[in-house]
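Worksheet for the structure shown next.
The values are calculated or read from the model by the stated rules, or taken from the named source; none is laboratory data. A quick note: this is a predicted structure, and the numbers were derived from the prediction, not measured. Using ideal geometry, Cβ is built from the backbone for each residue, glycine included, and neighbour counts are taken over all protein chains shown. Quick note on the areas: whole protein, heavy atoms, side chains included, nothing else; ligands and nucleic acids left out. Shrake-Rupley method; radii C 1.70, N 1.55, O 1.52, S 1.80 Å.
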Amino acid sequence: MEIDKAIRECDDGRLKTKYNNAIYVIRRALALYSVQEVALSFNGGKDSTVLLHLLRAGCFLHEAEENNSGGDAADGGKTFPIRTIYFESQSAFPEINSFTYEAAATYNIQMDIIRLDFKSGLEALLKANPIRAIFLGVRIGDPTAVGQEQFSPSSPGWPPFMRVNPILDWSYRDVWAFLLVSKVQYCSLYDQGYTSIGSIHDTVRNALLCIRNSDNSEEKFKPAYLLADGRLERAGRVKKNSSLVCGKLSSISNGVKMENLNSGSMLTASIITVGDEILFGTVEDKLGSMLCKKLHSIGWAVSRVAVTRNDIDSVAEEVERQKSTDDMVLIFGGIGPLHSDVTVAGVAKAFGVRMAPDEEFEEHLRHLIGEKCSGDKNEMALLPEGITELLHHEQLPVPLIKCHNVIILTATNVVELDRQWDCLIELAKSNGILVLMDPFVSKCFATTLSDVEVAQPLSKLCAQFPDLYIGGYRRSREGPLVITFEGKDLSRIEAASQSLCQKFHAGAFSEIE
């Protein structure tokens, strides 16, 4: 069978693992239910296209095993044995309809066309036919995936059937790896910059794939498989009548605000340090403050820096709190084979997913530590299932880990953090892992005035300049008071600092570097 042969002969270890797991789920379903009792819900999108070809391979292998043919069952010209349902909609892209009917003709699919809504259509279908299980192309991260497992009964209020989700743990990268390695046809819209296709009313090209001519006269889009950050797969799900230009999305996608990022908008990050040794005061956290400076240098505001215990629940609670309120979460510490190294598992728990072996990451670990990559060390290759992207850079011996809007850093000292940050910035310039914006600028003034003397003028200044961060601190109780002005508009900082100085006698404040 051409699909099975293509995957098994490829060099992508991760894809082989995902494929084998999906085929196992399909063959298990075919062992539980007869072919007459199952159906495939097909919608012409990339996920259901993957599922169609997985089912073709699964049925082939299942039949070969039943016939004791050792995988040599005939494959050409046969009708696809699984009943296929297509919910045709007037709001679907014409390209989706065309591709669906072409696929049905190419692979001899007996397709039921339903022109009702999904629920009503299923009720009518199940009433007329004894369908007990339906294969769905649902993946973790899809709006409908919440709470689902690979075998999940239908929700209360729906017709009773078993939802079978063979690709639940697949990522955006896995889907495209399968389609490209298998060399199967997919809807032409994906070559035109669409990354997630809904209806004609809520889908546009993904602006992250936009290419402009040097004179900005013409827009072109890269194909969907070149989207580097799968977390932004649904960034093209906006209204057709919304203002969208290359590099600007008037939407919020998976927590990342994408509107007019370089002109006045604010992205926020939070930093989590994991380590009992820091909470005990045994070790001083130098990396947190260093990360704050680095984030400010690319225009990100840091909303919170937290230190948490070395246990899974503490990490999960902190990640859960911050991932939903900030655009990006950077977390470090607690990574490795020790019993106290729990960060990755905590991130998985925060997203409600399991830890699963990642062959690609294990290969990097084996290259780094040799055959010692076993036992507890081998557990380092367990990563959050279905939401993990590995950030590769030639200067990094092991790729960094990104789970949606959480980046897990492995640095243990300032030298390693410098290197990892530089790699992140290089990756950001090429594939948008981090949005790079105008940096924050600051001015600092020292004064011998007392806190009481400057308190009221500073309060009024904060109200007058809400776009600036205005603060004050002393390096020592007897030392001078340092007033800081931070923001993205130097002219505003100049105006605020002049306003403060004008309220006092000449020489009351002196600018410091």
*Could you count how many residues in the range 287-317 are closer than 29 Å to K488 by Cα and not in a strand (DSSP E or B)?*
13
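With respect to L54, determine if the residue is in contact with a His (Cβ under 9 Å, 6 or more places away or on another chain) and surrounded by 22 or more Cβ atoms within 10 Å (Cβ to Cβ). Working first, answer last.
Values: in contact with a His (Cβ under 9 Å, 6 or more places away or on another chain): no; surrounded by 22 or more Cβ atoms within 10 Å (Cβ to Cβ): yes.
In short, no.
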*Residue under evaluation L179, criteria (1) more than 26 Å from C10 (Cα to Cα); (2) not in a loop (DSSP other than H, G, I, E, B), criterion not met*: (1)
_Any hit, the range 86-99, residues being more than 28 Å from A235 (Cβ to Cβ) and assigned to a helix (DSSP H, G or I)_ = no
*Being surrounded by fewer than 18 Cβ atoms within 10 Å (Cβ to Cβ) and of a type in the set (S, T, Y) narrows it down to one of S41, S98, S48, so name that one.*
S98
*Restricting the first residue to the range 490-513 and requiring it to be under 18 Å from V441 (Cα atoms), which pairs with a second residue that is in a loop (DSSP other than H, G, I, E, B) meet a Cβ separation below 8 Å and a spacing of at least six or different chains?*
R492/F465; R492/D467; R492/L468; I493/L468; A495/F465; A496/F465; A496/L468
*Starting from residues that are more than 42 Å from the chain's Cα centre (by Cα) and at pLDDT below 90, keep the ones in the range 461-497 and report whichever is surrounded by the most Cβ atoms within 10 Å (Cβ to Cβ).*
G479
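Pick out, from the range 336-443, the strands (runs of 3 or more DSSP E) lying fully within it that include 1 or more residues that are modelled with pLDDT of 75 or more, open to solvent by 30 Å² or more (accessible area, probe 1.4 Å) and not aliphatic (A, V, I, L, M).
Because the criterion is at least 1 residues that are modelled with pLDDT of 75 or more, open to solvent by 30 Å² or more (accessible area, probe 1.4 Å) and not aliphatic (A, V, I, L, M), the strands (runs of 3 or more DSSP E) in the range 336-443 that meet it are 355-357, 388-391.
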*How many of the residues making up the range 167-201 are closer than 19 Å to L390 by Cβ, free of Cβ contacts under 8 Å to residues at least 60 places away in the same chain and of a type in the set (F, W, Y)?*
0
*Applying the selection to the range 179-209, what residues are hydroxyl-bearing (S, T, Y) and exposed (fewer than 15 other Cβ atoms within 10 Å of the Cβ)?*
S188, S199
*Residue count for the range 134-154, restricted to those that are in contact with a strand residue (DSSP E or B) (Cβ under 9 Å, 6 or more places away or on another chain), surrounded by fewer than 20 Cβ atoms within 10 Å (Cβ to Cβ) and small (G, A, S)*: 2
*Restricting the search to the range 113-166, which residues are among the aromatic types (F, W, Y) and either modelled with pLDDT of 80 or more or in contact with a Pro (Cβ under 8 Å, 6 or more places away or on another chain) (or both)?*
F135, F151, W158, F161
*For the range 220-234, enumerate the residues that are of a type in the set (A, V, I, L, M, F, W, C) and open to solvent by less than 70 Å² (accessible area, probe 1.4 Å).*
F221, A224, L227, A228, L232
*Residues of the range 12-38 classified as open to solvent by 10 Å² or more (accessible area, probe 1.4 Å) and either aromatic (F, W, Y) or in contact with a strand residue (DSSP E or B) (Cβ under 6 Å, 6 or more places away or on another chain) (or both), total*: 3
*Collect the residues in the range 124-133 that are in a loop (DSSP other than H, G, I, E, B) and open to solvent by less than 50 Å² (accessible area, probe 1.4 Å), keeping them in residue-number order.*
N129, I131
